[in-house]
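What follows draws every value from the coordinates through simple rules; no lab data is involved. None of these values were measured; they are calculated from a predicted model. Note that we place each Cβ from the backbone using ideal geometry, even for glycine, and neighbour counts take in every protein chain shown.
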Amino acid sequence: MNILVTGGTGFIGSHTCVELLNNNYNVIIIDNLSNSSIEVLEKIEKITSKKPKFYKIDLCDKEKVKEIFNENKIDAVIHFAGYKAVGESVSNPLKYYRNNLDSTLTLLEVMKEVNCHNLIFSSSATVYGTPKELPIKEDFPLSTTNPYGTTKLMIERILKDISISDKEISIIILRYFNPIGSHKSGLLGENPSGIPNNLMPYIVRVATKELPFLNVFGNDYDTHDGTGVRDYIHVVDLAKGHIKALEKSINFKGIEYYNLGTGTGYSVLDLVKTFEKVNNVKIPYKIVNRRPGDIAACFADPTKAYKELGFKAEYGIEDMCKDSYNYILKNKSN
Ligand code: UD1
């Protein structure tokens, strides 16, 4: 089967390409490399001994997207491409609405024109806003707290409408919790440019002494140690969830939603302590004010994905901490 992966050189996209190739799917990547590098392709090839086909194009360019669909018989699309920095989306919302919506609409129009019916969409637990209770189930009310999250929710709504109008279509929406970790080889991982916004990329920079200490955003939340609790999931597990979703999508019509998380919440300090222990490094930290927009705790009920997709995360928090650090050690510039 030929699978088109948009954003296939990004953090989650590249790990998913590896799993697809390992499962004998043919992979065709579209990426404009706006937040990733071309070297990722060689690394995917090194890990899998298979070469994905690659097109450096902008997904908003309808003519080019159509050419790719005409050149390759695409059986299903996994759509990752999109801007994802929460803070930037608040300061530049138009950039997020224009790019994330336009690219998705273009993709959907072309899929309709060429009769490609299978789509897996990369959504986020951010669409649950501030959850009314925990763990979070797929049928909880949806709301967002920033433009990035709103683009994910708007796309979910667009896809719902399409599923009503088109009885042939198969859409699986995956809502990711907090992906961290990296491929065991140390070849693929997450290394954002500039000062990281997310917790694990920040911790690894403190571990390598590029940053002096971690700011812990608040220790007065209603959690077991006062710091924010999240459902961290190893990116390789997350990537495997896409294979399960793809298998489901082949004999399915309509739209379905799945949480991809482990179901276990860890606090900021749990993560710091585990990272220190498994990597034998010190992570100095300071408690600072809460970050605006943060919630106390967020973790998944992963039951639906387990029952209907047969998906269960296998890696624990120790592996996530080890693998995140291993990637940075292997890819440091000095
Ligand atoms: C954020 C986004 C979410 C996105 C996800 C990608 C918000 C509101 N949500 O989730 O939409 O899908 O990233 O992984 O931004 N923390 C610190 N110090 C730091 C960084 C983070 O204490 O320097 C704490 C946070 O307060 C939070 C936890 O670590 O409790 C996790 O934060 P982060 O990694 O940024 O992820 P989320 O905010 O959960």
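A few remarks follow.
- Less than 5 angstrom separates the built amide H of G8 from those of I30, all sequence-distant by 5 or more or on a different chain.
- Shape class of the stretch 262-333 from the Cα gyration tensor (axes a ≥ b ≥ c, square roots of the eigenvalues): oblate, since a/c reaches 1.5 or more and a/b does not exceed b/c.
- Across the stretch 239-249, coupling constants 3J(HN,Hα) worked out from phi with the 6.51/-1.76/1.60 Karplus curve, θ = phi - 60°, read 4, 5, x, 5, 5, 4, 5, 5, 4, 5, 4 Hz, and Gly and Pro carry x.
- Modelled label positions at K53 and D222, each set 7 Å beyond Cα in the direction of Cβ, lie 5.4 nm from each other.
- In the stretch 84-172, Rg over Rh equals 1.00, where Rg is the alpha-carbon radius of gyration and Rh the Kirkwood radius from pairwise Cα distances.
- Value of relative contact order over the chain, rounded to a whole percent, pairs C-alpha under 8 Å and six or more apart: 18
- For the chain, share of DSSP beta bridges that run antiparallel, in % to the nearest 5: 5
- Built amide H within the under 5 Å cut-off of I173, gap 5+: F121, E256, Y257, Y258
- Whole-angstrom gap from the stretch 189-250 to the stretch 256-334, using each part's C-alpha centre: 5
- Couplings 3J(HN,Hα) of the stretch 179-191, computed from phi: x, 9, x, 6, 4, 4, 5, x, 8, 10, x, 10, 9 Hz, in residue order, whole Hz [Karplus 6.51 cos²θ - 1.76 cosθ + 1.60, θ = phi - 60°; x for Gly and Pro].
- Largest GNM mean-square fluctuation across I155, I295, I172, computed for the chain with C-alpha springs under 10 Å, falls on I295.
- Rounded, prolate or oblate (a/c below 1.5 giving rounded, otherwise prolate when a/b exceeds b/c) for the stretch 178-276 by Cα gyration tensor: oblate
- Between 0 and 90°, nearest 10: helix 62-71 axis offset from the chain longest Cα axis: 70
- Backbone HN-Hα couplings from phi across the stretch 7-14 [Karplus 6.51/-1.76/1.60, Hz, Gly and Pro as x]: x, x, 9, x, 4, 6, x, 5
- Relative frequency of Cα-Cα separations exceeding 24 Å in the stretch 90-232, percent: 48
- Checking the Cα-Cα distances for K273/K304; K84/K312; K51/K332; K184/K312; K152/K286 against a 29 Å cut-off, the pairs over it are K273/K304; K152/K286.
- Evaluated at q = 0.15 Å⁻¹, the base-10 log of the normalised Debye intensity for the chain, with identical point scatterers placed on the Cα atoms, takes the values -1.34.
- The stretch 199-254: C-alpha gyration tensor shape, a/c 1.5 cut-off, then a/b vs b/c: oblate
- Distance (nanometres) between label positions extended 7 Å along Cα→Cβ at K277 and K137: 3.3
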